[in-house]
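Colleague: Can you read through this structure? Questions will come right after.
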Amino acid sequence: MKFEANAKSLLDELMAPFPFLMRAMAKKMIEGKIAEEAKKAGHAEANIDDVVRGYIIVGLSRGNDAEKIKNSLVGKIDDVSKYDELFA
């Protein structure tokens, strides 16, 4: 699936803190979920909303702390609270 330029930039920025050896595998998993979310929303290209949703869903499914995920999004997107239903 193709990504809008700003969505691809956001994904790259979110992946930067991952350890180098894990980054490619983690990015592949997250990109798969992003594509799924984009298709579900009827998007031809993944947008920022799809990236954020995919990142949160995969992060939570891997047992990551919700607050840590939220903190990694602060300053990168306008309104993290818009995704609170995913953390419930």
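Colleague: Name the residues in segment 29-48 that are charged (D, E, K, R) and surrounded by fewer than 17 Cβ atoms within 10 Å (Cβ to Cβ), would you? Before the answer, list the steps.
Modeller: Applying the first criterion (charged (D, E, K, R)) to segment 29-48 yields 31, 33, 36-37, 39-40, 45.
Correct list: 36, 39, 40, 45.
Colleague: Still on this structure: Kindly list, by first and then second residue, each pair from a residue in segment 6-21 that is over 18 Å from residue 69 (Cβ atoms) to a residue that is assigned to a helix (DSSP H, G or I), limited to pairs with Cβ atoms under 7 Å and residues at least 6 apart or on different chains.
Modeller: The qualifying pairs are 6/48.
Colleague: A further question follows. Output the residue which, of all residues in segment 10-28 that are small (Gly, Ala, Ser) and in a helix (DSSP H, G or I), is nearest to residue 79 (Cα to Cα).
Modeller: Quick first cut of segment 10-28, residues small (Gly, Ala, Ser) only: 16, 24, 26.
Checking the rest, the ones that are also in a helix (DSSP H, G or I) come to 24, 26.
Numbers: 24: 27, 26: 24 Å.
Only one residue tops the list, namely 26.
Colleague: Sticking with this one: Considering only segment 14-42, how many residues are within 12 Å of residue 53 (Cα to Cα) and of a type outside the set (A, V, I, L, M, F, W, C)? Break it down stepwise before answering.
Modeller: Taking segment 14-42 and keeping what is within 12 Å of residue 53 (Cα to Cα), we get 30-38, 40-41.
In the following step, the residues that additionally are of a type outside the set (A, V, I, L, M, F, W, C) were identified as 31-33, 36-37, 40.
The qualifying residues number 6.
A short reminder: the numbers here are calculations on the coordinates, not readings from a lab. Predicted model only: the values in this text are computed from it and were never measured. Don't worry about glycine lacking a Cβ; one is built from the backbone with ideal geometry, like all the others, and counts go over all protein chains shown.
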